[in-house]
Amino acid sequence: MSAPLTDPATLRHPLWLRLGGQLRNLAPFVTLIALILLFSLLSPSFATLSNLSNILQQVSITAIIAVGLTYVILCAEIDLSVASVANATGILLAFFTLQDASVNIANIPLPGPLAMLLALAGALALGAVTAFGVTWIGIPSFIMTLAMLQIGNGIGALLIRGQIAYNVPELIVVLGSGSIGPVPWIVLVAALVLLVGHLVLTYTRFGRYVYMVGGNREAAEHSGVAVKAVVAAVMMISALCSGIAGMLGVAYFGSAQQNQFDNYLLDAISAVVVGGTSLFGGQGGIGNTIVGVLVLGVLNNGLDHIRMDSFLKILIRGLVLLMALVINVYAQRLRSQRRGVG
């Protein structure tokens with residue numbers, strides 16, 4: 001008679017450990033398929049090309065921010081400042097763009113390309129401060145980025161002063177709210193950022209270093225990897241992705257104002273974790289993040305299609321995130337056991 005699945009000897013069997021080791025990758029994909037089938041059955045308007053375009057457009061900003069967060073989490077760090085950096089960058093872009101007289105802020109109008117460069121430079125400057133605090137001073141990334149969250153919000157508030165700015169450079173308007181045929185430009189930009197993020201992680205030496213630092217920092221140091229430089233770089237990448245998302249988001253929303261990106265912090269972290277990238281570092285990637293972004297996008301859109309109570313919708317999203325965290329921790333334990341068996 002075969003041993004029950006709860007038998008410790010069975011759980012330590014190499015075959016079971018190999019199957020369990022794939023749990024982090026399989027569970028999000030199975031969840032995505034199940035959600036698509038469920039909402040397709042419950043709502044005739046869900047499984048349509050127009051709604052697919054809506055979902056992709058709705059998750060594009062989250063996807064761009066999540067690319068940078070994936071790098072950070074793969075290094076076993078965290079960045080809580082992504083939403084405030086995005087917001088500050090969007091406001092900075094509007095600050096450097098000529099506004100209507102009705103917008104009562106003392107801004108500095110500049111040519112569009114220069115405004116875009118300065119806005120991205122501002123995002124990178126915030127990322128550089130974060131990187132310096134984490135790597136050279138030694139402040140834990142959780143605390144450092146929590147402080148940067150406040151600093152980013154403060155910069156945005158100081159520049160916009162409670163006003164709402166509407167004008168941004170024409171190129172950003174096109175990329176953030178325009179379309180090429182039936183495909184929104186913002187979806188194409190998000191796809192490009194995801195592709196570049198995947199290629200760097202998969203095919204470059206820097207990508208291998210990111211996994212090494214997250215998998216075993218001591219071993220990476222002994223192998224000659226400049227761990228501080230890698231961690232600093234992923235913090236800068238996270239800020240850059242947030243800056244790009246912030247600029248496009250202003251055009252997508254049609255305005256720049258305080259606290260506009262607040263929800264994107266939890267959305268981006270949820271996308272990375274739900275997709276299966278390990279919170280302990282060294283496992284996962286952009287492919288996982290894509291699945292996680294789609295899971296959240298399909299879930300939010302599907303719940304709207306079946307007219308789910310908005311308060312219950314928040315609870316359901318929290319339960320999905322909790323389930324992903326449980327799977328994440330469980331998969332890490334199986335990984336540790338598999339190392340022991342090996």
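Tabulated results
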quantity	calculated
Estimated translational D of the stretch 89-136 in µm²/s (Stokes, Kirkwood radius over Cα pairs; 4 °C; 1.567 mPa s)	110
Alpha-carbon radius of gyration plus Dmax, which is the widest Cα pair, for the stretch 229-319 in Å	15.2, 48
Carbon and sulfur %, accessible surface of the chain computed with the full protein complex present, 1.4 Å	68
Debye log10 I(q)/I(0) at q = 0.12, 0.13 Å⁻¹ for the stretch 38-110, Cα point scatterers	-0.63, -0.70
Å² of accessible area per residue within the stretch 127-268, as computed with a 1.4 Å probe and no ligands counted	48
Average Cα contact separation per residue, the stretch 61-160, under 8 Å, 6 or more apart, as relative contact order %	41
FRET efficiency, LEU114 to LEU38 (Cβ-Cβ, R0 41 Å, nearest 0.05)	0.25
Average accessible area per residue (Å²) across the stretch 34-104 - probe 1.4 Å, nucleic acids and ligands excluded	35
Against the rule of thumb 2.2 N^0.38 Å, how large the Cα Rg of the stretch 104-256 comes out	1.21
Kirkwood-type radius of the chain, with distances r between different C-alpha atoms, in Å	21.1
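The values are calculated or read from the model by the stated rules, or taken from the named source; none is laboratory data. Quick caveat: nothing in here was measured; it's all calculated off a predicted structure. Cβ sites come from the backbone with ideal geometry, for glycine too, and all protein chains shown count toward neighbours. SASA here: full protein model, heavy atoms, side chains in, ligands and nucleic acids out. Shrake-Rupley method; radii C 1.70, N 1.55, O 1.52, S 1.80 Å.
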